[in-house]
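For reference, the structure discussed in these notes is given below.
Read the figures in this text as sums done on the coordinates, not as results from a lab. All of these numbers come straight from a predicted model, not from anything done at the bench. When we count neighbours, we look across all protein chains shown, and the Cβ atoms used for this are built from the backbone with ideal geometry, even at glycine.
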Amino acid sequence: MEDYTATEALELLLKDFCERKKWYSAICDYDDSMTQMRRKYRQQIENITDPLKSIAEDLFEIADQTFFLFQVIEWKIDYLAEGLLHSIQSKNPLSLAINTRSLVEHIATIAWVGSKVNQLEESLRGQQSETIINKELERGKNFLNQAYYGGNPKVAGEKKIKPIHVNDSLKVLSKEITNIEEIYDFLCEYVHPNYGSNLLVSTGNLASGKLNPPEEFHRETLDKLRRICSYCMLYLRDEVTGHLSSPIRIQALIDRCFTRGVKLQNVFAIKEAKPIGDGKSKATAYYFPKARTPQEAIQLTYQYLQSEGYDLSGLKEIDGVEDGYIYDVHHTDKGKIWVKIPQP
């Protein structure tokens, strides 16, 4: 977007985001999809016995609630995008600053929730103790309640769940965007009734400055606000998928509870990434026979290829679906690699 001004680039990104959200909402019915998923998993859970049944129920509750929570945050971001687009078109600098700061906070919340789900998954790896497993699952349900129900006790009473502190979520996001806390401090200066926000609607001199000067007077500051907002939109477009897919990994743990011969002692066992085949062709595609679920087969694939030094930043495509298997082709720095994954 080098040929565009900061305003034009941001407007294009916002319009693209709103259009993609509109398209996605038209083809994907969240309530219908979740109703089908809930029915499927409840039927499967009813066919197993404790302690795996109780574990599967808790895992499903966590996955279900995480999916819902991310939908809530995405809807709020959708409305923020609409507000930001209006602020650009109406040349409203204060609305631009306020909505951009809120956008950063919601992106940081996605990162915080995603990291908590990942921590839960990691805490269960190799775990055999029913007591510890239940403790970690309870911790998982608690952080989701905090993310959704958290609020200011001064508003809702002393029993209100403590909200996520923005500094905690920003620290998580800083692992991906190293200067996000500095960016957030800058935005706060132009949102609070400080000198910064005063500058958005005056020339900065008490009693002698001009009110509501033309944009040219504060072009540098306004362009910085727009560039920050553009960066946020690019992050949402290109980088946020890893966090939003975290409940899918919890689903994969639920699926393990349904595999034949599974027990409490091995449901979270760590499998070694030892494939058969050489990956050089479809006929000799890498295959991980010990993978308990398709998701685990995918995880073992990446684990193995990374351990072998492959650069996986290239294209991945599906070469075909045959006899209950999906054949993935990874375009790596060492050529094409075929992998055979069980069909879900």
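List of remarks:
- Extents of the chain, largest first, come to 80, 55, 36 Å (Cα atoms, principal axes, whole angstrom).
- Estimated D of the range 286-342 in µm² per second, where Rh is the Kirkwood radius over Cα pairs and Stokes-Einstein applies at 4 °C, 1.567 mPa s: 113 µm²/s
- Angle between the chain longest axis and helix 219-238 axis [Cα atoms, degrees, rounded to 10]: 10 degrees
- Averaging Cα coordinates gives a centre for the range 120-152 and one for the range 21-52; these two points are 21 Å apart.
- Placing +1 on each Lys and Arg Cβ and -1 on each Asp and Glu Cβ, with no other charges, gives the range 126-204 a dipole about its Cα centre of roughly 400 debye.
- Along the chain, the exposed loop sites are GluC sites (Glu not before Pro) outside DSSP states H, G, I, E and B with at most 10 other Cβ atoms within 10 Å, and the longest stretch free of them is 3-157.
- Rounded to 10°, Cα long-axis angle of helix 246-256 versus longest principal axis of the chain: 10 degrees
- For the chain, with +1 on Lys and Arg beta carbons and -1 on Asp and Glu, the positive-most of Met37, Ser87, Leu225 along the dipole: Met37
- Of the trypsin sites (Lys or Arg not before Pro) found in the range 200-251, those that fall in a DSSP loop while having at most 16 other beta-carbon atoms within 10 Å are Lys210.
- Were the residues from Glu308 through Lys336 laid out at 0.36 nm apart, the gain over their Cα-Cα distance would be 8.7 nm.
- The alpha carbons of the range 221-344 give a radius of gyration and a Dmax of 18.2, 63 Å, in that order.
- Lys, Arg +1 and Asp, Glu -1 on Cβ, resulting dipole of the chain about Cα centre, debye, nearest 20: 880 debye
- Length added when fully stretched, Asn47-Ile270, from 0.36 nm per residue minus Cα-Cα: 77.8 nm
- The protection proxy used here, the mean number of other Cβ atoms lying within 10 Å of each residue, ranks peptides 283-292, 30-39 as follows, highest first: 283-292, 30-39.
- Applying 0.36 nm per residue to the separation of His86 and Lys280 and subtracting their alpha-carbon distance, the gain on full extension is 64.6 nm.
- Among Gln265, Ser245, Leu305 - extreme Cα towards positive end, dipole of the range 244-344, charges at beta-carbon: Gln265
- For the chain, the 222 nm mean residue ellipticity estimated from helices alone, with every DSSP H stretch of n ≥ 4 adding -39500 (n - 2.57) and the total spread over all residues, rounds to -20000 deg cm²/dmol.
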